[in-house]
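Structure first, then comments.
The values are calculated or read from the model by the stated rules, or taken from the named source; none is laboratory data. Nothing here was measured: the structure is a model prediction, and the numbers come from that model. Note: ideal-geometry Cβ built from the backbone for every residue, glycine included; neighbour counts use all protein chains shown. Please note that ligands, DNA and RNA were not included when accessible areas were found on the heavy atoms of the full protein model with its side chains. Shrake-Rupley method; radii C 1.70, N 1.55, O 1.52, S 1.80 Å.
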Amino acid sequence: MELSKAKFLVLLNKTDLLSEKVDEERIADKMGVSDLNDPSRISFKTASLKKNEGINEGLSWLAKNMVAI
């Protein structure tokens, strides 16, 4: 399966427990996806399931950006 057109959603859960802002570039580097630094291909969404924040926004982005591969 070819992933050149794939969209990626990264939900950063438990961000409500952090005292500082999430560094998305650092996370992308650690994941090895920094070359995908294209907002139409990859989206980082902070989330807190406990507070019900970010989940709907992330899934909405994914639904809007899904394409058949």
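List the GluC sites (Glu not before Pro) within the range 20-64 that DSSP assigns to loop and that have no more than 16 neighbouring Cβ atoms inside 10 Å. Write down the numbers at each step before the final one.
Details: sites: 20, 24, 25, 53, 57; in loops: 20.
Within the range 20-64, the qualifying GluC sites (Glu not before Pro) (loop, at most 16 other Cβ atoms within 10 Å) are 20.
Only the Cβ atoms of Lys and Arg (+1) and of Asp and Glu (-1) were treated as charged; on that basis the dipole of the chain about its Cα centre amounts to roughly 260 debye. Counting only residues at least eight positions apart within a chain, or on another chain, the lysines with an alpha carbon under 16 Å from that of residue 21 are 45. Residue ranking by accessible heavy-atom surface, 1.4 Å probe, largest first, among 15, 46 comes out as 46, 15. Apolar share of the accessible surface for the chain: 52 percent from carbon plus sulfur atoms, 1.4 Å probe. Note on exposure: 26, 41 ranked by accessible area (1.4 Å probe, complete protein assembly) read 26, 41, with the most exposed listed first. Given the alternatives [x] 3, 18, 33, 26, 17, 3; [y] 3, 16, 27, 27, 17, 7, 3, 0; [z] 3, 16, 24, 23, 19, 9, 3, 1, P(r) over Cα pairs in 5 Å bins from 0, in percent as computed for this entry is given by [z]. Between 0 and 90 degrees, the angle of helix 55-65 with respect to the longest Cα principal axis of the chain falls at about 10 degrees. Ranking 65, 28, 42 by how far each Cα lies toward the positive end of the dipole of the chain (charges on Cβ) leaves 65 at the top. Positive contributions from Lys and Arg (+1) and negative ones from Asp and Glu (-1), summed over other residues with Cβ under 15 Å from the Cβ of residue 21, come out at -3.
Under a Cβ-Cβ cut-off of 14 Å, what is the net charge of the residues other than residue 60 that fall near it, where Lys and Arg count +1 and Asp and Glu count -1?
Values: positive: 7, 45, 64; negative: 53, 57.
Combined, the nearby Lys, Arg, Asp and Glu give +1.
The calculated 222 nm mean residue ellipticity attributable to helices in the chain amounts to -8000 deg cm²/dmol, summing -39500 (n - 2.57) over DSSP H runs of n ≥ 4 and dividing by all residues. Remark: the range 15-25, residue by residue, has Karplus-estimated 3J(HN,Hα) of 5, 5, 8, 8, 8, 10, 5, 6, 8, 5, 4 Hz, where x stands for each Gly or Pro and the curve is 6.51 cos²θ - 1.76 cosθ + 1.60 at θ = phi - 60°.
For the chain, report the accessible area per residue in Å² (1.4 Å probe, heavy atoms, rounded to an integer). Walk me through the numbers on the way to the answer.
Details: 5430 Å² over 69 residues.
Per-residue value: 79 Å².
Ignoring aspartates and glutamates fewer than eight residues from residue 5 along the same chain, the ones with Cα atoms less than 13 angstrom from its Cα are 38.
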